[in-house]
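Here is the structure we will look at.
The values are calculated or read from the model by the stated rules, or taken from the named source; none is laboratory data. These numbers come from a predicted model, not from an experiment. So basically every Cβ, Gly included, is an ideal-geometry build from the backbone, and we count neighbours across all protein chains shown. What goes into the accessible areas is simple: the full protein's heavy atoms, side chains included, and nothing from ligands, DNA or RNA. Shrake-Rupley method; radii C 1.70, N 1.55, O 1.52, S 1.80 Å.
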Amino acid sequence: MWSTTLLRLRPVAEELGSAILHPVLNAGSPNFLPAGVEAAATAMVAAALPVASSASSTSRSRPLFQYTLCQKRRKASLVVVADENKGDAFIDKLVAEYSAMKPHPLSLQQILDMLEPSSYAEFIRQELPIRYAERIRSIQELAGWEYIPALVDVHSRHLETFEDIVCSGRYEGPSSLDDPVTYVDFVEIVRRAAFLQSNVQQLVAQAMHSLHAERPQEFSAEFVDGWLDDFLLNWIGTEMLLAHYLAVVCKDKPTGIVEPRCDVAEVCREVAFTMQCLCMDLHGRVPQIHVKSRSAVEEDKRAPCFSYIPSFLKYILTEILKNASRATLESTGDERRLLKRPINVLVCADERRVAIRVSDLGRGIPFDVWHNVWSYMYSTARKHASSHHNVNGGATPLAGYGVGLPLSRLYTRYLGGSLDLVSWPGYGTDVQIFLPRLSSEQVEVVPDQDN
């Protein structure tokens, strides 16, 4: 692993013309560094860390950041050992230990109560390795995963983040995240982890499609759907913890990614407008989308609000309205018929729950296939590819690869909600969402094999 780090570090040193890092590259040993090199290099790394705020800058600063972590791993006798195989075996042992641990799901109220950066950092520094190790183990238990490039990519990303977070808790001396240097290091670790989380859902879905196509008996649709549900539901929890920490640290909002008074109807209107703009850009036609809200709670004044994560709610509604809009446009050949088939969104609430119903008149889904909409192996995009002149059956902005709808159900389930679909063949489709309203009842669902 030390040699890998040196290879990553060499082009950066050559590019910067750094006299500080060249002795490190030439030393070739994790146990020997010329006097003053380590301190000077670490200082240079610390100065470079704040620029890693985008994909390009993050990838550019990664070799320098990796150098700092490597030094701390060496000091802790964690990773860098004389025999690289022993180092890998040690990491495998750590993954096995953490994957056997029980995760600690949070309620939304606990998340709102944990807004002090150092205390929240201490929690996720202990919790994230457990969740990463669970997903690493899930990949490693798939026969032949090493021959699926997408799985190898996801596994590598997970292992890299796992090492970084575990090592961040084993510095010499006090591990308090109030220390400025430690604080900057950990923020960069989380930022890098969030970057590596991007498009994981597409990669694992693509990989499981490949395994199902190559070995359908071993990787049946039922097995693939169950595996992806567990993997992605665990992944959503990690996504939340990372995004919330970065929002708290950056002080974008005092409550992080959680909105204590999320106006559900207003979010529905935002998504509806976005979807109408997309339909106009793609097809030159716009479905009518009507949003109404009611509440049994007088204080709501017919506009239910509750604590929730708006980005999750927007994703859920986007997928549902995307399907409803496409079905409506495909079932109507002219503007007169289009005006007679509006999509209706109804938001209701009482003291304990919020409900959202999306109804369309897009002729529904046949009884013998409607249950397939929750399968990652099924995509309405491919069913209707020819009508969109998409001969390869690929994704379009109003379609996709079959991940969107089942993933939106996982986002709903993540905090204790539910998403159901009822099809009326020849008429239309109703989608019903139910969400707990009380923050104390919105508790993470984190799949775990051992517990």
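What to note about this one:
- All conditions but one from (1) touching a helix residue (DSSP H, G or I) at 6+ places or on another chain (Cβ under 9 Å); (2) open to solvent by 40 Å² or more (accessible area, probe 1.4 Å); (3) assigned to a helix (DSSP H, G or I) apply to VAL271; the one that does not is (2).
- Taken as a whole, the condition of being touching a helix residue (DSSP H, G or I) at 6+ places or on another chain (Cβ under 6 Å) and either at positive phi or open to solvent by less than 20 Å² (accessible area, probe 1.4 Å) (or both) does not apply to LEU142.
Yes/no matrix, rows are residues, columns are (1) over 17 Å from GLU141 (Cβ atoms); (2) assigned to a helix (DSSP H, G or I); (3) modelled with pLDDT of 95 or more:
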| residue | (1), (2), (3) |
| --- | --- |
| SER176 | yes, no, no |
| VAL184 | yes, yes, no |
| ILE189 | yes, yes, no |
| PHE195 | yes, yes, yes |
| HIS209 | yes, yes, no |
| TRP235 | no, yes, yes |
| THR238 | yes, yes, yes |
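- Every residue from the stretch 330-359 that is within 18 Å of GLY404 (Cα to Cα) and among the acidic types (Asp, Glu): none
- Only one of the numbered conditions (1) of a type in the set (D, E, K, R); (2) under 30 Å from LEU203 (Cα atoms); (3) modelled with pLDDT of 95 or more; (4) touching a Pro at 6+ places or on another chain (Cβ under 8 Å) is violated by ARG413, and that is (4).
- Selection over the stretch 111-138 of residues that are assigned to a helix (DSSP H, G or I) and without any contact (Cβ under 8 Å) to a residue 40 or more places away in the chain gives a count of 6.
- For the condition surrounded by 21 or more Cβ atoms within 10 Å (Cβ to Cβ) and in contact with a Leu (Cβ under 6 Å, 6 or more places away or on another chain), VAL154 qualifies.
- Screening ARG261 on (1) among the charged types (D, E, K, R); (2) touching a strand residue (DSSP E or B) at 6+ places or on another chain (Cβ under 7 Å); (3) part of a helix (DSSP H, G or I) shows it passes everything except condition (3).
- The set of residues from the stretch 317-350 being more than 13 Å from MET275 (Cα to Cα), open to solvent by less than 10 Å² (accessible area, probe 1.4 Å) and part of a helix (DSSP H, G or I) comprises just one member, LEU338.
- In the stretch 211-233, the residues that are in a helix (DSSP H, G or I) and among the aromatic types (Phe, Trp, Tyr): PHE223, TRP227, PHE231
- Per-region count, the stretch 70-117, residues at pLDDT below 50 and either in contact with a Gly (Cβ under 7 Å, 6 or more places away or on another chain) or open to solvent by less than 30 Å² (accessible area, probe 1.4 Å) (or both): 7
- Within the stretch 295-316, residues that are farther than 20 Å from LEU112 by Cβ and open to solvent by 70 Å² or more (accessible area, probe 1.4 Å) sit with their Cβ atoms under 8 Å from residues that are part of a loop (DSSP other than H, G, I, E, B) and charged (D, E, K, R), at 6+ positions apart or across chains, in these pairs: ALA296/ASP350; ALA296/GLU351; ARG302/ARG294.
- Remark: pairs (first residue in the stretch 228-250, over 13 Å from ASP448 (Cβ atoms) and among the small types (Gly, Ala, Ser); second residue open to solvent by less than 10 Å² (accessible area, probe 1.4 Å) and at pLDDT below 95; Cβ separation under 7 Å; 6+ apart in sequence or on different chains) = ALA247/GLY256.
- Among the criteria (1) in contact (Cβ under 8 Å) with a residue 60 or more places away in the chain; (2) touching a helix residue (DSSP H, G or I) at 6+ places or on another chain (Cβ under 9 Å), the one ALA265 does not fulfil is (2).
- Answer from ARG363, ARG353 - the residue that is open to solvent by 80 Å² or more (accessible area, probe 1.4 Å) and in contact with a helix residue (DSSP H, G or I) (Cβ under 7 Å, 6 or more places away or on another chain): ARG363
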